[in-house]
Amino acid sequence: MSKSVFITGAAQGIGLATAKRFHEQGWFVGLYDINEKGLESVHQQLPNSCFGVLDVRDEAAVAQAFDDFGKHTNGKADVVVNCAGVLAPGYFEEIDTDATDRMIDINVKGLTYVARHGLPLLKTGQDPVLINICSASSIYGVPLLAVYGATKHYVNGLSQALSIEWQRLGVRVKAIKPPIVKTAMGRSLPASFDKHMAANMEADYVAQAIWQSISGRRASYILGFKTQCLGLLCRWLPDAMARGLMRKACGL
């Protein structure tokens, strides 16, 4: 049987590009998203796939999705891609509670539920990998993305810890950290980002990086030269200078 990958957020953006990339390589693809019409369309394009409507905020639904996926794959998953995520930009005090809660519930709780319930299938996979889509905003707190960035700091920390914990289980864990990507989410960012942090990276580029990461041994992948330079500067500059750098990068 072909290798299998379970992908959340698979109806659009990075998740969709990743689904197509793995399908091109002959993998069986599990497509999961809250967007039913989008899933049906993607499933028609990718015949070697299954799909299911999934709100990752519902832990019972996440568990059921893995049960359904396992029926197609003899109870295994070789790769799980934790891609579902949302973003609400703006000044912290101006973002309403519902939008804040939604970011935390999907980006933090939902990602955690997928990792937890994906593990049993990963443990029976071939050289299995959990891939968590993180963000360049996990490198340093990004103004106008405070809560979103905080959720991605969580993703980074969880990924680091699990990459060590799950060694004993034979499961590798990776965090993929793209900058702003040309997706609907990327296009929702404030205009002040356009000068230094514009959405220039394509979703296909991220999907290719995800594909390449499964054969790599690193636990963290920062995508894009500018992002890598930003990471180094924020790591080594005095804090006051790092904060000034982020302020300028966001056009504030």
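Tabulated data
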item	result
Contacts under 9 angstrom Cβ, first residue in the range 47-65 being in contact (Cβ under 8 Å) with a residue 24 or more places away in the chain and within 16 Å of Gln12 (Cα to Cα), partner in a loop (DSSP other than H, G, I, E, B) and not aliphatic (A, V, I, L, M), 6 or more apart	Val56/Gly9
Yes/no for Ala17 being within 26 Å of Asp98 (Cβ to Cβ) and assigned to a helix (DSSP H, G or I)	no
From Arg235, Arg187, residue being modelled with pLDDT of 75 or more, out of contact with any Leu (no Cβ under 9 Å at 6 or more places or on another chain) and exposed (fewer than 15 other Cβ atoms within 10 Å of the Cβ)	Arg235
Near pairs, Cβ below 7 angstrom, 6+ apart or cross-chain, from the range 137-150 (within 14 Å of Lys248 (Cβ to Cβ) and touching a residue at least 24 places away in the same chain (Cβ under 8 Å)) to any residue that is outside any loop (DSSP other than H, G, I, E, B) and hydrophobic (A, V, I, L, M, F, W, C)	Tyr140/Cys234; Tyr140/Ala242; Tyr140/Met246; Val142/Met246; Pro143/Met246
Lone qualifier among Gly15, Gly9, Gly38 - being surrounded by fewer than 21 Cβ atoms within 10 Å (Cβ to Cβ) and not charged (D, E, K, R)	Gly38
Cross-chain or 6+ apart pairs with Cβ under 7 Å, the range 202-225 first and on the phi > 0 side of the Ramachandran plot and crowded, with 19+ Cβ neighbours inside 10 Å, then of a type outside the set (Gly, Ala, Ser) and outside any loop (DSSP other than H, G, I, E, B)	Gly224/Met201
Some residue of the range 3-21 being at positive phi and in contact with a helix residue (DSSP H, G or I) (Cβ under 7 Å, 6 or more places away or on another chain)	yes
Residues located in the range 203-252, provided they are more than 22 Å from Lys3 (Cβ to Cβ), touching a helix residue (DSSP H, G or I) at 6+ places or on another chain (Cβ under 9 Å) and part of a loop (DSSP other than H, G, I, E, B)	Leu223, Gly224, Leu237, Cys250, Gly251, Leu252
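Table: residues versus (1) surrounded by 15 or more Cβ atoms within 10 Å (Cβ to Cβ); (2) among the acidic types (Asp, Glu); (3) farther than 30 Å from Pro143 by Cβ.
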| site | (1), (2), (3) |
| --- | --- |
| Tyr32 | yes, no, yes |
| His43 | yes, no, yes |
| Cys50 | yes, no, yes |
| Arg57 | yes, no, no |
| Ala65 | yes, no, yes |
| Gly70 | yes, no, yes |
| Asp78 | yes, yes, yes |
| Val86 | yes, no, no |
| Pro89 | yes, no, no |
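The values are calculated or read from the model by the stated rules, or taken from the named source; none is laboratory data. Since we're looking at a predicted model, the values are computed, not measured. Neighbour counts run over all protein chains shown; Cβ positions are idealised from the backbone, glycine included.
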